[in-house]
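What follows is a short report on a single structure.
Coordinate-derived values only; no laboratory data. Here the structure is a predicted model, which means the values were calculated and not measured. Here Cβ is always computed from backbone atoms with ideal geometry, including for glycine, and neighbour counts include all displayed protein chains.
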Amino acid sequence: MKPPAPARLDRGFFDRSVHAVAPDLIGATLLVDGVGGVIVEVEAYHHTDPASHSHGGRTERNAVMFGPPGHAYVYRSYGIHWCVNAVCEPAGEASAVLIRALAPTHGLDRMRARRGLDDARLLCAGPGRLCQALGITKTLDGAPLDAPPFVLLARESTPAIVAGPRIGITKAADKPWRYGLAGSRFLSRPFRAG
């Protein structure tokens, strides 16, 4: 008998604290037009957090963060790389989870072509690499995460999760709001021991 397919995560999954959603995304599967893999690393950004894009108020760039939960917030980092986030908490709260890394499982040939490299470990190890591999651009800013081209599947069991400081920020850099799949070789950067 074939095992049941994993449940799809709907927008209701994101309508709660960003600090609950972030670790619960570890082990879920993210696909865009059938390309993607298992989420192995994320970072939480709360609206009260000075490192969050929403901390200074609503702008044209961050407007999606203020909308309903369960939508993609896509922005360009350093004018170079696209980054994808999942908007969390009730509309107006403006919190989000940055998807930092995936273990690639679906559409590896398309990922390799988009990234111009063969090493599976480097295809989605970092938010910019991940977006390039999955073909995520500004056109998906505001798109619902529970409708095409996105598919978001719940994890089938609770994995071992590690936490530590976020990467590449200067404000609130000590907050342990980066979460990862323990022992994964697909992380953007290892977690510090201790």
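Any idea which of ALA163, PRO148, VAL21 is furthest toward the positive side of the dipole for the chain, if Lys and Arg beta-carbons carry +1 and Asp and Glu beta-carbons -1?
Highest projection toward the positive end goes to ALA163.
What order do you get for 163-170, 134-141, 87-94 when each peptide is scored by the mean count of other beta carbon atoms within 10 Å, highest first?
Details: 163-170: 15.1, 134-141: 18.5, 87-94: 20.4.
Sorting 163-170, 134-141, 87-94 by mean packing, highest first, produces 87-94, 134-141, 163-170.
At a Förster distance of 35 Å, what's the computed FRET efficiency of ARG112 paired with ALA91, Cβ-Cβ distance as r, to 0.05?
Numbers: r = 38 Å, r/R0 = 1.10.
Efficiency for this residue pair is about 0.35.
Can you pull out the chymotrypsin sites (Phe, Trp or Tyr not before Pro) in the stretch 28-115 whose DSSP state is coil and whose Cβ has at most 16 other Cβ atoms within 10 Å?
Listed in order of number, the matching sites are TYR78.
With label points built 7 Å along Cα→Cβ from the Cα atoms of ILE161 and ALA147, find their separation and express it in nm.
2.8
Is the stretch 117-165 rounded, prolate or oblate when judged by the Cα gyration tensor, a ≥ b ≥ c being the square roots of its eigenvalues, rounded requiring a/c under 1.5 and prolate requiring a/b larger than b/c?
Values: a/c = 1.77, a/b = 1.13, b/c = 1.57.
Oblate, because a/c is 1.5 or more while a/b does not exceed b/c.
What does the highest-first list of 112-123, 175-186 look like by mean Cβ count within 10 Å? The partial results should precede the final answer.
Working: 112-123: 14.3, 175-186: 19.1.
Those peptides, ordered most packed to least, come out 175-186, 112-123.
Assuming 0.36 nm per residue, please report the length gained on full extension of the stretch ASP33 to HIS19 beyond their Cα-Cα distance.
Working: separation 14, 0.36 × 14 = 5.04 nm, distance 2.79 nm.
So the extension gain works out to 2.2 nm.
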